[in-house]
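Working notes for the structure below.
The values are calculated or read from the model by the stated rules, or taken from the named source; none is laboratory data. All of these numbers come straight from a predicted model, not from anything done at the bench. Every residue, glycine among them, receives a Cβ derived from its backbone with ideal geometry; neighbour counts consider all protein chains shown.
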Amino acid sequence: MRLYALCDQDMLDAKGVSLDEYISLAKEHNAEIIQYRNKNADMEFIKEQLIYIRQIYDGYLIVNDAYELVEYCDGVHLGQEDLRSIDEDIHKAIELVRSIVTGDKILGISTHNKEEVIEANSLDLNYIGLGAYRSTDTKKDISGVLGDSLESIASESKHLVGAIGGVRLDDEFTHVTYNVIGSGLIK
């Protein structure tokens with residue numbers, strides 16, 4: 001299992017876990033990637049967090065949504081709704097984001113079903129997040145849980161796949177490259 005750690009600031013705050021503690025746990029579990037997500041802070045705070053994470057973590061660092069800050073990390077992850085807020089045409093949205101998140105940077109998006117995975121195959125991406133695998137208490141807006149169908153949907157992707165949503169450290173998949181785990185790292 002390869003680990004992609006999702007470091008959500010709201011989750012850290014709710015559980016009373018410091019950024020240092022979370023990064024230590026991610027390193028302890030050999031996380032290859034850390035995504036920093038903060039839906040409520042201003043860009044300056046997110047930038048400061050990215051700079052700090054870079055000082056204490058030497059793996060890949062991804063920022064959620066804030067593609068304007070890509071110079072402070074290795075790439076960007078966008079959800080479907082975030083892409084559509086850039087442009088209703090997902091191809092145009094990716095084209096615009098790729099003009100900022102250039103080829104030497106990682107670009108990933110969330111997908112939730114076979115149709116979105118097939119559509120992602122035509123986009124200039126490095127990976128997709130696919131899920132939710134299970135229901136999770138860290139995201140309240142999950143419309144569908146894929147469960148065992150996640151594997152067959154993942155097999156349709158030409159990109160690397162990260163299983164998202166309720167994934168545990170001990171989950172094993174055949175067609176998934178990364179287990180994306182957030183609160184599951186916190187003991």
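Would you mind stating whether Leu69 is over 22 Å from Asn179 (Cβ atoms), touching a residue at least 24 places away in the same chain (Cβ under 8 Å), of a type in the set (A, V, I, L, M) and surrounded by 18 or more Cβ atoms within 10 Å (Cβ to Cβ)? Considered against the rule, which asks whether it is over 22 Å from Asn179 (Cβ atoms), touching a residue at least 24 places away in the same chain (Cβ under 8 Å), of a type in the set (A, V, I, L, M) and surrounded by 18 or more Cβ atoms within 10 Å (Cβ to Cβ), Leu69 comes out as yes. Would you confirm, using the coordinates I've provided, whether Ser24 is among the small types (Gly, Ala, Ser), surrounded by fewer than 19 Cβ atoms within 10 Å (Cβ to Cβ) and more than 28 Å from Leu123 (Cβ to Cβ)? It is true that Ser24 is among the small types (Gly, Ala, Ser), surrounded by fewer than 19 Cβ atoms within 10 Å (Cβ to Cβ) and more than 28 Å from Leu123 (Cβ to Cβ). Here Glu116 meets the list (1) within 27 Å of Ala154 (Cβ to Cβ); (2) touching a residue at least 60 places away in the same chain (Cβ under 8 Å) almost entirely, failing just condition (2).
How about the range 29-49: which of its residues are closer than 21 Å to Ser110 by Cα and surrounded by 15 or more Cβ atoms within 10 Å (Cβ to Cβ)? Passing the criteria: Ala31, Ile33, Ile34, Gln35, Tyr36, Arg37, Asn38, Ile46. Within the option set Asn179, Asn113, being surrounded by fewer than 19 Cβ atoms within 10 Å (Cβ to Cβ), within 24 Å of Lys39 (Cβ to Cβ), among the polar types (S, T, N, Q) and at pLDDT 95 or above holds for one residue only, Asn113.
Counting only helices (runs of 4 or more DSSP H) that fall entirely inside the range 8-81 and contain at least 1 residues that are of a type in the set (Ser, Thr, Tyr), the qualifying elements are 19-28, 43-56. Only residues that are within 30 Å of His175 (Cβ to Cβ) and under 19 Å from the mean Cα position of the chain (by Cα): list them for the range 11-29, please. Residues satisfying the conditions are Met11, Tyr22, Ile23, Leu25, Ala26, Lys27, His29.
With the condition kept exactly as written, say whether any residue in the range 84-99 is part of a loop (DSSP other than H, G, I, E, B) and either crowded, with 19+ Cβ neighbours inside 10 Å or among the small types (Gly, Ala, Ser) (or both). Show your work before the answer.
Filtering the range 84-99 for residues part of a loop (DSSP other than H, G, I, E, B) gives 87-89.
Of the ones still in play, those that are also either crowded, with 19+ Cβ neighbours inside 10 Å or among the small types (Gly, Ala, Ser) (or both) are none.
No, that holds for no residue.
What about Ile62, is it more than 17 Å from the chain's Cα centre (by Cα), of a type in the set (A, V, I, L, M) and modelled with pLDDT of 95 or more? No, not satisfied. The single condition among (1) of a type in the set (A, V, I, L, M, F, W, C); (2) farther than 19 Å from Ala41 by Cβ; (3) touching a Leu at 6+ places or on another chain (Cβ under 6 Å) that Cys73 does not meet is (2).
Among Leu169, Leu123, Leu160, which is the only one that is surrounded by 16 or more Cβ atoms within 10 Å (Cβ to Cβ) and either in contact with a strand residue (DSSP E or B) (Cβ under 6 Å, 6 or more places away or on another chain) or under 21 Å from Asn30 (Cβ atoms) (or both)? Break it down into steps so the answer makes sense when it comes.
On the way: Leu169 fails: surrounded by 16 or more Cβ atoms within 10 Å (Cβ to Cβ); Leu123 fails: either in contact with a strand residue (DSSP E or B) (Cβ under 6 Å, 6 or more places away or on another chain) or under 21 Å from Asn30 (Cβ atoms) (or both).
When all the criteria are applied, what remains is Leu160.
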